[in-house]
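The values are calculated or read from the model by the stated rules, or taken from the named source; none is laboratory data. The structure presented is a predicted model; accordingly, all values stated were derived computationally and were not measured. Counting neighbours? That spans all protein chains shown, and the Cβs are built from the backbone with ideal geometry, glycine included. The accessibility values were calculated without ligands, DNA or RNA, using every heavy atom of the protein model including side chains. Shrake-Rupley method; radii C 1.70, N 1.55, O 1.52, S 1.80 Å.
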Amino acid sequence: MSTTSNRRMIIDTDTAADDSFALLVGLLHPRSTLEAITIVAGNVSFEQQIENALLTVKAAGREGEVPVHLGARVPMMRPWYESRAHGDGKGNHDFEKPTQRPSDEAAAEAIVRLVNDNPGEIDILAIGPLTNIATAVLLDRELPSKVRELWIMGGCDNSVGNVTAAAEYNFFVDPEAADIVLRAGFDVTISTWTLTLAQATWSRDQLAELAAIDNDLARYFTILDKPNIEYNESEGIMGSTHPDSVTAMMMMRPDLIESTSRKFVAVETIGQLTRGYSLFDDRPHRNEPNATVVDRIDADGFFDAWAELLRAGAR
Ligand code: CA
């Protein structure tokens, strides 16, 4: 992982709720230069995801400054699988329509172009199913050596998933894409659902603290986050979960990462009960590790960093 303080990034997202919060990190954190947002089939309908991403660019005060590219509307080999956790992904709220429209350039092509124009300089944050990233690899097999770092939110580290007991949503939805990407040779860091449940889940008291910031950005956060905590509580998770935004914040603030390990990570594509299951293997002398896995973060530090981002507000 890089320790340099600034990142030029592409965020690949199935934009709903916490994806929007990760976008806000990319759009507003002083250490981020967000080169592009790319949209992939996932959480909610594709058209809704486009609108949610554009709304978030607007909420950050950055309309017209960061292009939004449209990618895969379905996984590589399977039908689209909607998440039940997010409502419409914008808090089921009517916001004033954004004026920015999506770019004409397709997501995978934009990724290939940006990386080839800036070899070794671009980091990718992938917080949805990996369809667009896999497509970009198929367009340019040398892509992994030209991307600086790829950060993935996905999988569960020898723990239960959220779509099924075996699988986390992003890997479940497009396991073939995850398989292609994990074998491709990127410098990969993985932030898992396991880590999210343990360390990136905020209680109602914490959410009240964030709501009390009471500027436009904090209000946007509170509106979008509401369906998530209500859904989670119905599932027995007592808080709102922040898998995507914690991954984005770790990229900006590597000092929040307390421990990592090198593991061989692979995704099941065939299993009847285990579609999208992620194997995290750190047995010595077996498979060569292909990923850095985040094991522990400073959870309070993450919450404080997010509160600070909200307090600073839109640009
Ligand atoms: Ca996501």
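Just a few scattered comments:
- Here the 3J(HN,Hα) profile of the range 142-150, calculated from phi with Karplus coefficients 6.51, -1.76 and 1.60 at θ = phi - 60°, is 8, 3, x, 6, 9, 7, 6, 9, 10 Hz, Gly and Pro shown as x.
- Estimated translational D of the chain in µm²/s (Stokes, Kirkwood radius over Cα pairs; 10 °C; 1.306 mPa s): 83
- Neighbours of Glu176 by Cβ distance under 15 Å: Lys/Arg scored +1, Asp/Glu scored -1, total 0.
- On a per residue basis, the chain carries 40 Å² of accessible surface, using protein heavy atoms and a 1.4 Å probe.
- Distant-in-sequence amide contacts of Glu121, defined by a placed amide H-H separation under 5 Å and a gap of 5 or more residues or a different chain, comprise Arg148.
- Phi angles of the range 298-315 translate, via the Karplus equation with coefficients 6.51, -1.76, 1.60 and θ = phi - 60°, into HN-Hα couplings of 7, 5, 5, x, 5, 4, 5, 5, 5, 4, 5, 4, 5, 4, 5, x, 5, 7 Hz per residue; Gly and Pro are given as x.
- Neighbourhood net charge (12 Å Cβ-Cβ; Lys/Arg +1, Asp/Glu -1) for Pro30: +3
- Summary value for the chain: 20 percent relative contact order, contacts being C-alpha pairs under 8 angstrom separated by 6+ residues.
- Added length on full extension, which subtracts the Cα-Cα distance from 0.36 nm per residue, Arg262 to Thr99: 54.3 nm
- Total formal charge among the other residues, if their Cβ is under 11 angstrom from that of Ala266, Lys/Arg +1 and Asp/Glu -1: -1
- The convex hull of the Cα atoms of the range 1-72, projected and averaged over all directions, covers 4.8 nm².
- Reciprocal of mean inverse Cα separation for the range 143-259 (Kirkwood radius, Å): 15.8
- The GNM of the chain, with springs linking C-alpha atoms under 10 angstrom apart, assigns the highest mean-square fluctuation among Asp88, Asp157, Asp304 to Asp304.
- Euclidean distance of C-alpha centroids, the range 45-65 and the range 201-233, integer Å: 19
- Looking at the range 28-159, the pairs of alpha carbons with a distance over 21 Å make up 45% of the total.
- Here the accessible area of the range 109-149 is 46 percent carbon and sulfur, with a 1.4 angstrom probe and all protein chains present.
- HN-Hα J in Hz across the range 111-124 - Karplus 6.51, -1.76, 1.60, θ = phi - 60°, x for Gly and Pro: 4, 4, 5, 4, 5, 5, 6, 9, x, x, 10, 9, 9, 10
- In plain terms, the chain from Arg8 to Glu288 could stretch by 97.9 nm, reckoned as 0.36 nm per residue minus the Cα-Cα distance.
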